[in-house]
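As structure tokens, the structure follows; a few thoughts come after it.
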């Protein structure tokens, strides 16, 4: 990857951060409350190297095997986030390798990650992936209807009791809509679900909401996102 490509990524990052700042200001929030996870899924090593050269060090991957390969190639001084579905057989690597797992989507996976994190002597930061849109194709705890949301309380209570996991908030993947405005209710719904769960469980409000991608991150920021997962708008299209 040429140095010009690093410059292009740096320029895109500046533009993304300017848009985040404007979106945060519209919502009366501080831009510093929002962090970007640069999604390197399916990007070749040359693009990842250019992104790192451009100053992006918080990187998101969807597949454990691909992430481990990139971790080995680019060294330890990066903050890797697991943002894709975690198979239980990959829980050991996920628990030992990532700064945060955004995609904890079942009690069974939570118990597996907790066990593996304990074996590795670490506490793992996690977000609970919630399907607030009701799309059948989406992973995550079902949280579309009031009944589904009520059913979450005992499961989340069990997850909170696990000694080697630290629940820091919620994550969702919004459906593809005709416009960013069309998915605003999904982002508002995740924020409301976070606040409701914390009240039901007697928890302090969890600080993190991971929501918003290249096409809709500004709306997500307006609705309270603290982590936005951006690939194409930073790194260009995937091969």
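Every read-out reported here was derived from the displayed coordinates using simple, explicitly stated rules and does not represent laboratory data. Quick caveat: nothing in here was measured; it's all calculated off a predicted structure. So basically every Cβ, Gly included, is an ideal-geometry build from the backbone, and we count neighbours across all protein chains shown.
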Next item on the list: Please give the contour-minus-distance gain from residue 58 to residue 31: 0.36 nm per residue of separation, less the Cα-Cα distance, rounded to one decimal in nm.
Entry: 8.0 nm
Notebook entry, point to check: Say we join alpha carbon atoms closer than 10 Å with springs in a Gaussian network model of the chain; which of 36, 205, 64 then has the biggest fluctuation?
Noted result: 205
Next item on the list: Would you please put 209-220, 18-29 in order of how densely packed they are, using the mean number of other Cβ atoms within 10 angstrom per residue and starting with the highest?
Entry: 209-220, 18-29
Item checked: Candidates 128, 104, 201, ranked by Gaussian network fluctuation over the chain, Cα under 10 Å, top entry -> 201
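Can you tell me the order of 47-59, 174-186 when each peptide is scored by its average per-residue count of other Cβ atoms within 10 angstrom, highest first? Walk me through the numbers before you get to the answer.
Working: 47-59: 19.1, 174-186: 15.8.
Ranked from most to least packed, the peptides come out as 47-59, 174-186.
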Margin query: Can you tell me which of 225, 38, 142 moves the most in a GNM of the chain? Springs connect C-alpha atoms under 10 Å apart.
Written below: 142
Check: Roughly how compact is region 141-181, stated as its Cα Rg over 2.2 N^0.38 Å to two decimals?
Finding: 1.53
Checklist line | Extension gain, residue 148 back to residue 21 (0.36 nm per residue minus Cα-Cα distance, nm) | finding: 42.3 nm
